[in-house]
There are 2 protein chains.
Amino acid sequence: MTAPRSPSRGHVPLGPGGEFDIIRRMLAVWGGIATGIGDDAATIAPPAGRLVVSTDTSVEDVHFRRDWLTHAEIGYRATAAALSDLAAMAASPLGVFLALTLPESEVPAVDELARGVGDCIRACDTKILGGDVTRGAKLALTLTVLGSASHPLLRSGAVAGDRVYVTGRLGGPVSALREYREGRTPAKPARERFAHPVPRLKEARWLASRGSHAAIDISDGLIADARHLAVASGVGLHLRSESVPVLAGAKPVDALASGEEYELLVTSPGPLDAAAFRAEFGLDLTEIGEAQGDEADVVLTAGGRRVAPPAGYDHFTAQ
Amino acid sequence: MTAPRSPSRGHVPLGPGGEFDIIRRMLAVWGGIATGIGDDAATIAPPAGRLVVSTDTSVEDVHFRRDWLTHAEIGYRATAAALSDLAAMAASPLGVFLALTLPESEVPAVDELARGVGDCIRACDTKILGGDVTRGAKLALTLTVLGSASHPLLRSGAVAGDRVYVTGRLGGPVSALREYREGRTPAKPARERFAHPVPRLKEARWLASRGSHAAIDISDGLIADARHLAVASGVGLHLRSESVPVLAGAKPVDALASGEEYELLVTSPGPLDAAAFRAEFGLDLTEIGEAQGDEADVVLTAGGRRVAPPAGYDHFTAQ
């Protein structure tokens, strides 16, 4: 039988077997960012604040294609998407669980996948606490993220009179996707936004600490996610299309509809200091509209005139 | 647009869209056992004891086949498998997160899937706290379970001299699987063990409160899981094959190798009161061997003579 792994980093020694061999390979890639792996479940000290938890699946040929991204990028992107849900709540990450479904043909790529997951975990200053590895026809990663927050930001916190802000510049992911679908190579800034999205964790805590009322991360597209927030809060969100910050090289319409941005849409009762935000994070913070009335929907304007918003992306409707 | 859902049960009102329609259908099936759904993440009061977390994926054609189980059974079984990891740690469940990957053709079955998940959640006296729905080529369910335990049972707690016990009677799932694979209908007791496994949550807390040292749930097969526990603890586990309790109609060899039992293997420094256990839970608790020496492996005997153990099931080796 395989020599038992030494119980360093608090891991439980793992027995023999193909599944454990894969876990051993991932642990070798992860080093000190994985802790306490190998029991039936992880045990974690309870957080001081509220426990914040989300789970998010990325599936081959739905969320990514293997000919568009490297395995490291697939791992990075899936992990960032999940951690972004903690950012949307202004939570600090406690750790991440990875449930990996692996086709037999992808077993050689597991080190690269683990490297991408690990790079994002390290960039977000958190840990890998556990997971599951199983066989399956398509590569899929389900990331469950745990965090803590003393005052979580909710989708339902917006009130009439709030100003609406967005972080970063939008349109990159959808414009990268369009280039791929049409057989071209995306421009570097758009591709980088697509392959390495950034969970805005510290930015969210900054925004929460300055009195923001509500937040959501942009995963379905600015307009679609603004609608989620409007419905959850029971207010209208009036957005000025000309104010929406567009990534260099992307089209303004892309900035309204592009999903998987993982930038934050927040509402705040008073003005937020965009210059201080930029000085702290090197990132734009742009006021794009305000919350008004109780019609729980998005009202989009262009030059003061109401216009029809573009559709967002939903795996079960628009394809 | 769709009328916003009333914020009963603490759910956040959901906007329009195909993915939200599926979530609305599941919430209608779940009623009061789902709480606080609809934000980017769930917020939960932190537990008093240690936080115990596990994640577990069930994939179509790997863990189940749609022609062998109803959708309700697929949902029940996947949920039970995940909650069993909390039982193995002697934790009390706090709640469950469901990440569902759904082929387009399976959308009509979502109510039945949700019913099965809900039935198991209700049987285990816990809640659904969140999840994710995505499209994919194969039906897959990743259940992440949260629990709390003041003194979690670990795989690594066994010491030489411990007695080894197992709950229930083994061999059902593998014998049901064999019948299905050979085109026959399994006997009712074996099929029931396969379709509706029982996470031994209360049983585990009973065993922990009576001084048990270590536990693991039997998901890979008695011998394979005993080996995991032996390796984690750094002791030998000497098991008497003739003592292993066999389900009515199953073969003794099946009881040694059958995976997905979700019964518990525990070690205890002193004798456990099997009669009291039976009176409490209506379930066998059987002493099947003892921990000896420091060779971290399983030693199987038959009539006092050492015999070769059968192989367990590993998705990445034995098929």
Teacher prompt: A:A48 distances to equivalent labels in other copies, 7 Å Cα→Cβ, nm: 2.2
Three semi-axes of the equivalent ellipsoid, the range B:86-240, Cα gyration tensor, whole Å, largest first: 31, 22, 14
Mean-position separation - Cα centroids, the range A:113-130 and the range A:51-111, in angstrom: 10 Å
Rg(Cα)/(2.2 N^0.38 Å) for the protein assembly as shown, N = residue count: 0.99
Surrounding net charge for B:E203, when Lys and Arg each add one and Asp and Glu each subtract one, Cβ distance under 15 Å: -3
Nm distances between copies for B:G18, ranked from closest, using label points 7 Å along Cα→Cβ: 3.4
Measure of compaction for the range B:233-319 (Cα Rg per 2.2 N^0.38 Å): 1.18
Straight-distance crosslink candidates among lysines, where the alpha carbon sits under 19 Å from A:K138 and sequence neighbours closer than 8 are dropped: B:K138
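Using only atoms on other chains, find how many Cβ atoms lie within 10 Å of each Cβ of peptide B:57-69 and report the average. Before the final figure, lay out the partial values.
Working: counts 12, 2, 7, 2, 3, 5, 3, 0, 0, 0, 0, 0, 0.
Per residue, the average neighbour count from other chains is 3.
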Label-point gap, in nm, between B:A275 and A:T70 - each point 7 angstrom along Cα→Cβ: 6.7 nm
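So how much accessible surface do A and B hide from each other in total, probe 1.4 Å, in square angstrom to the nearest 100?
Details: alone 14280 and 14290 Å², together 22750 Å².
When A and B are taken together, about 5800 Å² of accessible area is lost.
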At 7 Å out from Cα toward Cβ: B:A160 inter-copy label distances (nm, ascending): 7.7
In nm, spacing of pseudo-spin labels at A:D111 and B:A160 (7 Å Cα→C-beta vector): 3.8 nm
Cross-link reach list, lysines versus B:K188, counting only Cα pairs under 26 Å and skipping chain neighbours closer than eight places: B:K202, B:K251
Inter-label distance, nm, simple model (7 Å from Cα along the C-beta direction), A:Q292/A:A311: 2.8 nm
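Roll a 1.4 Å probe over the protein chains and send me the accessible area per residue for the protein assembly as shown in Å². Present the calculation step by step, with values, prior to reporting the outcome.
On the way: 22750 Å² over 638 residues.
Ligands and nucleic acids excluded, the result is 36 Å² per residue.
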The range B:10-149: C-alpha gyration tensor shape, a/c 1.5 cut-off, then a/b vs b/c: oblate
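Under a Cβ-Cβ cut-off of 14 Å, what is the net charge of the residues other than B:L237 that fall near it, where Lys and Arg count +1 and Asp and Glu count -1?
Numbers: positive: B:R155, B:R163, B:R227, B:R240, B:R306; negative: B:D162, B:D225, B:E287, B:E290, B:D294, B:E295, B:D297.
With Lys, Arg at +1 and Asp, Glu at -1, the net is -2.
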Cut-off 10 Å between beta-carbons: net charge of the residues surrounding B:V145, Lys and Arg +1, Asp and Glu -1: -2
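Would you work out if the range B:125-189 is rounded, prolate or oblate? Take a ≥ b ≥ c from the square roots of the eigenvalues of the alpha-carbon gyration tensor; rounded if a/c is under 1.5, else prolate when a/b is larger than b/c, oblate otherwise.
It is oblate, given that a/c is not under 1.5 and a/b is not larger than b/c.
Evaluate Rg over Rh across the range A:155-307, taking Cα atoms for both radii and Kirkwood's formula for Rh.
Rounded to two decimals, Rg over Rh is 0.97.
How big is the convex hull of the Cα atoms of chain A, per residue, in Å³? Intermediate values should be presented prior to the final figure.
Working: hull volume 43.1 nm³, N = 319.
Looking at chain A, the number lands at 135 Å³ per residue.
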Heavy-atom accessible surface of the protein assembly as shown: percent carbon and sulfur, 1.4 Å: 51 percent
Chain A, relative contact order [Cα under 8 Å, separation at least 6], %: 20 percent
Kyte-Doolittle at least 0.0, axis length at least 24 Å by Cα - qualifying DSSP helices, chain A: A:71-88
Whole-number percent relative contact order across the range B:153-238, with pairs defined as alpha carbons under 8 Å at least 6 apart: 48 percent
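The values are calculated or read from the model by the stated rules, or taken from the named source; none is laboratory data. For clarity, every value in this text was computed on a predicted model and none was experimentally measured. Here Cβ is always computed from backbone atoms with ideal geometry, including for glycine, and neighbour counts include all displayed protein chains. Only protein heavy atoms, including side chains, enter the accessible area calculation; ligands, DNA and RNA are left aside. Shrake-Rupley method; radii C 1.70, N 1.55, O 1.52, S 1.80 Å.
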